[in-house]
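Please see the structure below; I have some questions.
The values are calculated or read from the model by the stated rules, or taken from the named source; none is laboratory data. Predicted model, so just to flag it, every value in this text is computed and none were measured. A quick note on method: Cβ atoms are made from the backbone with ideal geometry, for glycine too, and the neighbour counts reach across all protein chains shown.
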Amino acid sequence: MTLSTADGPAFRLADAPFDIAPLRRRLLHDSAGAFSSFEGWVRDHNDGRPVHGLRYESYVALAEREGAQVIDEARARFALVDALCVHRIGDLAIGDLAVWVGVSAAHRGAAFDACRYIIDEVKARVPIWKHERYADGDTTWLHPEADTGPAPGRGAA
Amino acid sequence: MTLSTADGPAFRLADAPFDIAPLRRRLLHDSAGAFSSFEGWVRDHNDGRPVHGLRYESYVALAEREGAQVIDEARARFALVDALCVHRIGDLAIGDLAVWVGVSAAHRGAAFDACRYIIDEVKARVPIWKHERYADGDTTWLHPEADTGPAPGRGAA
Amino acid sequence: MTDVRLLYFASLRDQAGCAEETRQTTAPDLRTLYAEVQALHGFALPVERLRVAVDGAFAHWDDPLRDGSEIAFIPPVSGG
Amino acid sequence: MTDVRLLYFASLRDQAGCAEETRQTTAPDLRTLYAEVQALHGFALPVERLRVAVDGAFAHWDDPLRDGSEIAFIPPVSGG
């Protein structure tokens, strides 16, 4: 799973740290006046518990398919120029970049809305799981309750 | 007006191109799980007219004061960790970075909302004016009609 | 009898003690298949909190089993 | 008579032909002062579309003039 940042699919998993500069450059277009990006970083706490590090695991084939679907939906819903998302898997330390989303558009409204849509949907639907390691040595898989009742097969639509 | 990106005020004017990497690094904190950024780039068209380049002029003393006020408002309204904004002045070409906003927060909702608030308010209130140069040689100062009736002294509150 | 390959992720993998297994089953649909392996491995997550995928695409719990297919039970995700 | 320094930006500067000027005026407030220089320089922008600042801070059109102050008429902004 080598990560070429100069081209490749609009949604990707990365099993090692990646540079965001070439991703951002891919979104530059003379017709784009607005760029919105989002980054998720590993925090030193979760729900008040000190976190020492974490690991992301994925069902890679399905995650790549579902992630591509999320980007396609964003393209259909918002007046974008381009959009990219990369999500880390493997071991991460506090402060590491876990996910990056970038969107370019003619106007800022579409850029912000699409960026928010992509990260919200990736978090809700793409099969990636977080395994947290706490200060007290305990570890756990995070399987959050869905905000809006679980929808089996939701992502298939 | 030398731009030190390692420290300095949270809102700044830059009379030359600036690097965003050190700005982003200033916003990294172990307690921050979310980072949202916005960039405004010079587009090759405006209202359907081909644009060749532009110049930003500012009332510097007032712009720095009003920009700082916008960041302070964002800090008061949203659960931020940190926020920065840099706006170019002087001559810019197509594709050049005109404005950069970065916000870090514990959670993504606050990061997105604050980033959007800052760019919206900077565009609406900070005394910076755009002078566009068109393909046909014509030039003009942009003095847009306010979206919500002009409010004299609005920024004084 | 249908031959299927099952993939387990995250807490399901920890509880099953393996990342995948092959099974011969008489389960008519995916829902029944999950009940079968849930009883076998003691999975804590109820079917209502899972999604299911067949051959790398999301599927529906009432879908019948296809011989030779690869089936993944998807616990609530936590990327981002 | 009050002595003030006036700053002009963007289209106001182009129309005034200068970035700043000093004036002696009998205008009692900022609104009247703008009317005076609007007539003098032929400014296209009506006072309703401007804001006004005194000594680097936004002010109100009904504020009285202070001797020696620096006054800026702020056309609609277009940063970003």
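Mind listing whichever residues of the range D:53-77 are without any contact (Cβ under 8 Å) to a residue 60 or more places away in the chain and not hydrophobic (A, V, I, L, M, F, W, C)?
Taking the range D:53-77 first, the residues without any contact (Cβ under 8 Å) to a residue 60 or more places away in the chain are D:53-64, D:76-77.
D:55, D:56, D:60, D:62, D:63, D:64, D:76, listed by residue number.
Can you pull out the residues in the range B:7-39 that are part of a loop (DSSP other than H, G, I, E, B), in contact with a Ser or Thr (Cβ under 8 Å, 6 or more places away or on another chain) and away from chain A (no Cβ under 11 Å)?
Scanning the range B:7-39 gives a single hit, B:18.
Look at the range B:43-78 and say how many of its residues are within 26 Å of residue A:106 (Cβ to Cβ) and either part of a strand (DSSP E or B) or of a type in the set (S, T, N, Q) (or both).
Qualifying residue count for the region: 12.
Among the candidates B:98, B:63, B:68, B:79, single out the residue that is more than 27 Å from residue D:57 (Cα to Cα) and aliphatic (A, V, I, L, M).
Every option except B:79 fails the conditions.
Further question: Is it fair to say residue A:65 is basic (Lys, Arg), more than 12 Å from the chain's Cα centre (by Cα) and under 28 Å from residue C:12 (Cβ atoms)? First the steps, then the outcome.
Working: basic (Lys, Arg): yes; more than 12 Å from the chain's Cα centre (by Cα): yes; under 28 Å from residue C:12 (Cβ atoms): yes.
In short, yes.
A further question follows. Would you confirm whether or not the range D:25-45 contains a residue that is loosely packed, with under 14 Cβ neighbours inside 10 Å, within 9 Å of chain B (Cβ to nearest Cβ) and part of a helix (DSSP H, G or I)?
No, that holds for no residue.
Of these, A:114, A:76, which one is of a type outside the set (S, T, N, Q) and over 15 Å from the mean Cα position of the chain (by Cα)? Working first, answer last.
Values: A:114 fails: over 15 Å from the mean Cα position of the chain (by Cα).
After applying the criteria, what remains is A:76.
From the residues in the range C:6-24 that are part of a loop (DSSP other than H, G, I, E, B) and without any contact (Cβ under 8 Å) to a residue 24 or more places away in the chain, which one is nearest to the other protein chains (Cβ to nearest Cβ)?
C:19
Do we find a residue being at pLDDT 95 or above and either away from chain C (no Cβ under 13 Å) or not in a loop (DSSP other than H, G, I, E, B) (or both) anywhere in the range A:134-146?
No; the residues of the range A:134-146 include none that is at pLDDT 95 or above and either away from chain C (no Cβ under 13 Å) or not in a loop (DSSP other than H, G, I, E, B) (or both).
Looking at the structure I just gave you, is residue A:91 of a type in the set (Asp, Glu), more than 11 Å from chain B (Cβ to nearest Cβ) and surrounded by fewer than 15 Cβ atoms within 10 Å (Cβ to Cβ)?
yes
Enumerate the pairs (first residue in the range A:40-65 and in contact (Cβ under 8 Å) with a residue 24 or more places away in the chain and at the interface with another protein chain (Cβ under 7 Å from one of its Cβ atoms); second residue anywhere and part of a helix (DSSP H, G or I) and among the β-branched types (Val, Ile, Thr)) with beta-carbon separation below 8 Å, excluding pairs fewer than 6 apart on the same chain, so at least 6 apart or on different chains.
These pairs meet every condition: A:40/A:119.
Test each condition in (1) exposed (fewer than 14 other Cβ atoms within 10 Å of the Cβ); (2) farther than 12 Å from residue C:71 by Cβ; (3) touching a residue at least 12 places away in the same chain (Cβ under 8 Å) for residue C:3 and report the one that comes out false.
Every listed condition holds for residue C:3 apart from (2).
Let me ask you something else. Looking at D:10, D:57 in this structure, which one is of a type in the set (Gly, Ala, Ser) and crowded, with 18+ Cβ neighbours inside 10 Å?
When all the criteria are applied, what remains is D:10.
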